[in-house]
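Down below is the structure, laid out as structure tokens.
Just so it is clear, none of the values below were taken in a lab; they were calculated from the coordinates. Just so you know, these numbers come straight off a predicted model, no measurement behind them. When we count neighbours, we look across all protein chains shown, and the Cβ atoms used for this are built from the backbone with ideal geometry, even at glycine.
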2 protein chains.
Amino acid sequence: MQDNNLEPLYIKVKEMDNTAIIVNDGGLKEGTVFKCGLELKNKVPQGHKVALEDIEKDGEIIRYGEVIGYAKNRIEKGSWIRDAVMNLPIPPELSTLKEYGTAKPNGPLEEEYTFLGYRNADGSVGIKNILGITTSVQCVVGVLDYAVQKIKEELLSKYPNVEDVIAINHNYGCGVAINAGDANIPIRTIQNLAKHPSFGGEIMVVGLGCEKLQPSRLNNREDNDNIVMLQDQNGFTNMIQSIMSMAEERLEKLNQREREEFPLSELVVGMQCGGSDAFSGVTANPAVGYATDLLVKAGATVLFSEVTEVRDAVHLLTQRAESREVTDTLVREMDWYDKYLNKGDVDRSANPSPGNKKGGLSNVVEKSLGSVIKSGTSPITDVLSPGERVRKKGLNFAATPASDFVCGTLQLAAGMHLQVFTTGRGTPYNLSMAPVLKVSTRNELKKQWSDLIDINAGTIATGKATIEDVGWEIFHDIIATASGTKTTCADKCGIQNDLALFNPAPVT
Amino acid sequence: MQDNNLEPLYIKVKEMDNTAIIVNDGGLKEGTVFKCGLELKNKVPQGHKVALEDIEKDGEIIRYGEVIGYAKNRIEKGSWIRDAVMNLPIPPELSTLKEYGTAKPNGPLEEEYTFLGYRNADGSVGIKNILGITTSVQCVVGVLDYAVQKIKEELLSKYPNVEDVIAINHNYGCGVAINAGDANIPIRTIQNLAKHPSFGGEIMVVGLGCEKLQPSRLNNREDNDNIVMLQDQNGFTNMIQSIMSMAEERLEKLNQREREEFPLSELVVGMQCGGSDAFSGVTANPAVGYATDLLVKAGATVLFSEVTEVRDAVHLLTQRAESREVTDTLVREMDWYDKYLNKGDVDRSANPSPGNKKGGLSNVVEKSLGSVIKSGTSPITDVLSPGERVRKKGLNFAATPASDFVCGTLQLAAGMHLQVFTTGRGTPYNLSMAPVLKVSTRNELKKQWSDLIDINAGTIATGKATIEDVGWEIFHDIIATASGTKTTCADKCGIQNDLALFNPAPVT
Ligand SMILES: [Ca+2]
Ligand SMILES: [Ca+2]
Ligand SMILES: [Ca+2]
Ligand SMILES: [Ca+2]
Ligand SMILES: [Ca+2]
């Protein structure tokens, strides 16, 4: 792709596919003839699909070996296949999904891999040494942000082993329907964020006093001596002083900690995609899937997520469940989300975005098939509801919306140490609580955003690297980042993002 | 209240009330005898209610001249009346509310009042001269926050007439159901925030490129030369440069502006309460209501809001509607919110908060009666749906949730220049886009939070000032704050808060 003299090239994923995507930058013009003799009937943009055979009216349009749509009218071989010429297939009927156990565990890796982390008192392991300060209600955020800035300026440099001070800010806590059926989701998310292993168990809580979500519900400790209540303070100056002096005590303790060596079984890695294009499913996501398999073989925990991008390919996942119970839980999460969308009068055509379509992804089925590849081939050992913490090592489906920051926040609540994020169109997404390794699907994006993309999987499309090559590169970068020897591009730039809480219940 | 030697004191609001609230700090103990001969049967905390007469089982419990509950069992004269001894009344049946026109316009003020503001090209008037930078999607927030910090450090001091640089950050734009029925609410809110009069029409837009909410939808201009698209930039460094250089052009233009004198008819003031207690309805809110009447008499526009705190007293508002059409619109907004809460399986008992109850507010009916007093006595000239802009001068009901930041954000979208915020329990609430004048309901809060409370209405309870006195004080402080000659406590402290968007539609 970066080579302008590249011969006309397409990628066909599975033998039975009757479509392929165009590799060449800028697309290919009408009349282009490929080595195999195929001739383009239309101009086809980069990443968009071409028909490899004639497809009759109502005929199946196949990619990844799966039906991604039905032809509205006859499609001639060599034609551009886009959203407008296809009918969307019906999603897998959830009640029929009973299968499990088709995926066999991949054997362990030959070599044993370790990373350098921080041991916590409760036995968990962190990859960063961060002072975390959580909040029970949005009312305190302005005061806390001010205090955090002051801690960074005046205290942090005195404690060189502490890497950062982070406020867990959110829009929850009051003015919300705290007894609604779905309120358990935001509440457990906030509770589990405070337990994040990179906070070393020294979390502080800043509360107001009169809020619905009482601060004691966020506290992991027996005593309440890590809570600052603003309504108990004598004005703003005193609020800042109280937060600063409690922070200094915690910084002192955290500063005692040093990195130790741990097996990969202590590591929790999240996988996500955002700003996807048609290359996502053939370059970056398969490479991430390969890295997922390596991690699971090494004993690590891997989270994949994004319900709306999994729903249409869920039949490929249920069969990989380790047990019937896991299949049932996966189906239950899909069903919950179907109902959640129905309540808002939304259907699944809401995903993909205009950028996805511009990048060649015709519909949610095609997007889903490319998205679930991130999960590799291992058995699925557990399914987490939104905001739940990891219970089992191995491959986990953590049910979350696909929205990047909402998914990231929920994976952090699950205990994710770091995230791998694939992107085709490009996004400067980052998380404050965990490093994010960004993988580009195309050479052009890596070239254009050289200071934001950590790993380029575009080389897979142009034949310069294999899926295995890039998969191993991701795997090694994960270990280096976890160990603190590699800094991600987004962290080098200094991009800080707020969390985005998933609250499916009403505000009041 | 601040006087420990204060004789036993209660406040009864209306002649027909059979309850009153205790004024004394720390409450009053069992056996206390008031001047009138009433003797307390129990210890009653400050702000809590005492029965002034015997109330039979199922008898009406009356405050503000309205039924706030029914006695579960017989209540003896002198007893403490709290939530547990009352049944909640049924809210006014919306379909029966047809009345309008009972409120007569209050005559104009004798004196003419003016403020110093900035004239905008479109004829509107701002009270601040701020460079606003809006966003089409949450993905760009990390980059924009970085750029805004750099603009403040490197550029702002070169343009002394520009008061601030503010990013309009939100969690919307992608990963949302953008075609859902209720998506019009967050979309028009973001659109109208960009039109805020204190931005002087020089708003910038930072977008990503592939998001669902395309940046052109936020643009007020014919051309697109005020949009920076991150996917068009060459990496992070270039993104920051592009934002900075566009900002500098805008700062140059904004710096030309100077304050001019305007009549109060150009001013839009929002009223809100948060962290309320039983004094809210007898001190701060009546004083705000008095100021509301003064503003409306002077020709200004006043917004009051908070649907869940108005719902149970809505029969007192519909009759004050200027026309049948206004009554119908008010009823329609209440009905929409009833349905929104029902979808989430929530009922109105979700409001009040634990802090409200601790402060003596037994239930949402009592809270509502105290809350609507902020609207004064003028006719209601218009009702705005969430996120809509003001269309008519005078008293407007802007339908919003009661949640402080969500209400603040929607009042800003309506075009609010500044807000008056009453609080009993205390909150360090602030808005970045507009000054917030904070009014305390009790002397103790003003004493404890002297650097956060602008105006103390607690003096009304202890008889040191009248509702009229404090109402005029609020009125004069509004004019001084709008004119830039007074800085609010929260702004002096430097408290910055993010907006909180109201999105009743699903995320995807
Ligand atoms: Ca995503
Ligand atoms: Ca990070
Ligand atoms: Ca409020
Ligand atoms: Ca402000
Ligand atoms: Ca923020």
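In this structure, the amide hydrogen of A:Gly270, modeled 1.01 Å from its nitrogen in the peptide plane, lies closer than 5 angstrom to those of A:Leu303, A:His417, A:Leu418, A:Gln419, A:Val420, counting only residues at least 5 positions away or on a different chain. At full extension, A:Gln241 and A:Ser483 could sit 83.7 nm farther apart than now, given 0.36 nm per residue minus the alpha carbon distance.
Rounded to whole Å, the principal axis extents of the Cα atoms in chain A read 78, 45, 41, largest first. In order along the stretch B:40-51, the phi-based Karplus estimate (6.51 cos²θ - 1.76 cosθ + 1.60, θ = phi - 60°) of 3J(HN,Hα) comes to 6, 7, 9, 5, 10, x, 4, x, 8, 8, 10, 6 Hz; Gly and Pro are listed as x.
Which percent, to the nearest 5, of DSSP beta bridges fully inside chain B are antiparallel?
40 percent
Taking the empirical scaling 2.2 N^0.38 Å for compact globular proteins as reference, the stretch A:1-90 has a Cα radius of gyration ratio of 1.04. Checked against a 29 Å cut-off, the cross-linked pairs A:Lys128/B:Lys212; B:Lys49/B:Lys297; A:Lys98/A:Lys339; A:Lys212/A:Lys374; A:Lys158/B:Lys438 give Cα-Cα distances beyond that limit for A:Lys128/B:Lys212; B:Lys49/B:Lys297; A:Lys212/A:Lys374; A:Lys158/B:Lys438.
Label sites at A:Lys77 and B:Asp58, each approximated as a point 7 angstrom past Cα along Cα to Cβ, lie 8.6 nm apart. Put the Cα centre of the stretch A:15-29 next to the Cα centre of the stretch B:288-339 and the gap is 60 Å. Simple rule: put +1 on each Lys or Arg Cβ and -1 on each Asp or Glu Cβ in the stretch B:340-393, find the dipole, and look at B:Ser378, B:Leu361, B:Tyr340; the Cα lying farthest toward the positive end is B:Ser378.
Just to confirm a number: summing +1 for Lys and Arg and -1 for Asp and Glu over residues other than A:Gly123 whose beta-carbon lies under 15 angstrom from that of A:Gly123, what do you get?
+3
For the stretch B:11-85, the relative contact order comes to 32 percent (Cα pairs under 8 Å, sequence separation of at least 6). The spacing between the stretch B:57-113 and the stretch B:363-413, judged by their C-alpha centroids, is 19 Å. Normalised by the number of residues in the stretch B:263-335, the mean separation of alpha-carbon contacts (under 8 Å, six or more apart) gives a relative contact order of 37 percent.
Relative to the Cα centre, the charge distribution of the stretch B:131-267, modelled as +1 at Lys and Arg Cβ and -1 at Asp and Glu Cβ, gives a dipole magnitude of about 340 debye. Annotation: aspartates and glutamates with alpha-carbon distance below 18 angstrom to B:Lys486 (same-chain offsets under eight excluded): B:Glu163, B:Asp164, B:Glu258, B:Glu260, B:Glu261, B:Asp451, B:Asp454, B:Glu473, B:Asp477. In this structure, the amide hydrogen of A:Ala465, modeled 1.01 Å from its nitrogen in the peptide plane, lies closer than 5 angstrom to those of A:Ile460, counting only residues at least 5 positions away or on a different chain. Taken residue by residue and averaged, Cβ atoms of other chains lying within 10 Å of the Cβ of B:172-185 number 5. Within the straight-line cut-off of under 21 Å between alpha carbons, the lysines reachable from B:Lys43 are B:Lys12, B:Lys29, B:Lys35, B:Lys72, B:Lys77, B:Lys357, B:Lys358, sequence neighbours fewer than 8 places apart in one chain being disregarded.
Amide H to amide H distances under 5 Å link A:Ser403 with B:Thr508, where only residues 5 or more positions off or on other chains count and H is placed in the peptide plane.
Cut-off under 14 Å on the C-alpha distance; same-chain residues fewer than 8 positions from A:Lys343 excluded. Which aspartates and glutamates are left, in chain and number order? Within the straight-line cut-off, A:Lys343 pairs with A:Asp182, A:Asp335, B:Asp182, B:Asp345. For the rotational copy relationship between B and A, the axis lies nearest to a chain B beta carbon, identified with its distance in whole angstrom as B:Lys343, 3. In order along the stretch A:500-506, the Karplus-derived 3J(HN,Hα) couplings, from 6.51 cos²θ - 1.76 cosθ + 1.60 at θ = phi - 60°, round to 10, 6, 8, 10, x, 8, x Hz, and Gly and Pro are given as x.
Taking all Cα pairs closer than 8 Å and separated by 6 or more residues, the relative contact order of chain B comes to 18 percent. Beta bridges assigned by DSSP with both partners in the protein assembly as shown are antiparallel in approximately 40 percent of cases. Take each residue in B:404-415, count the other chain C-beta atoms within 10 Å of its C-beta, and the mean is 2. What the pair-distance distribution of the stretch B:229-345 shows, using all Cα-Cα distances binned every 5 Å from zero, is 2, 8, 11, 13, 13, 10, 7, 8, 12, 11, 5, 1 percent. Seen from B:Arg259, the other residues with C-beta closer than 13 Å to its C-beta sum to a net charge of -2, counting Lys and Arg as +1 and Asp and Glu as -1. The alpha carbon centroids of the stretch B:185-245 and the stretch A:114-154 are separated by 32 Å. Which value results when the Cα radius of gyration for the protein assembly as shown is divided by 2.2 N^0.38 Å? Computed over Cα atoms of the protein assembly as shown, the ratio equals 0.99. With R₀ set to 60 Å, the beta-carbon distance separating B:Asn106 from A:Glu325 gives a calculated FRET efficiency near 0.30. Shown in residue order for the stretch B:21-35 are the 3J(HN,Hα) couplings computed by the Karplus curve 6.51 cos²θ - 1.76 cosθ + 1.60 at θ = phi - 60°: 10, 7, 8, 5, 4, x, x, 10, 8, 3, x, 4, 10, 7, 3 Hz (x for Gly and Pro). In terms of packing, defined here as the mean over residues of other Cβ atoms within 10 angstrom, the peptides A:161-167, B:332-338 line up highest first as A:161-167, B:332-338.
The slack in the chain from B:Lys358 to B:Glu252, taken as 0.36 nm per residue of separation less the alpha-carbon distance, amounts to 33.0 nm. When the charge dipole of chain A is built from unit charges on Cβ atoms (+1 for Lys and Arg, -1 for Asp and Glu) and taken about the Cα centre, the candidate among A:Val470, A:Val137, A:Asn73 whose Cα reaches farthest toward its positive end is A:Asn73.
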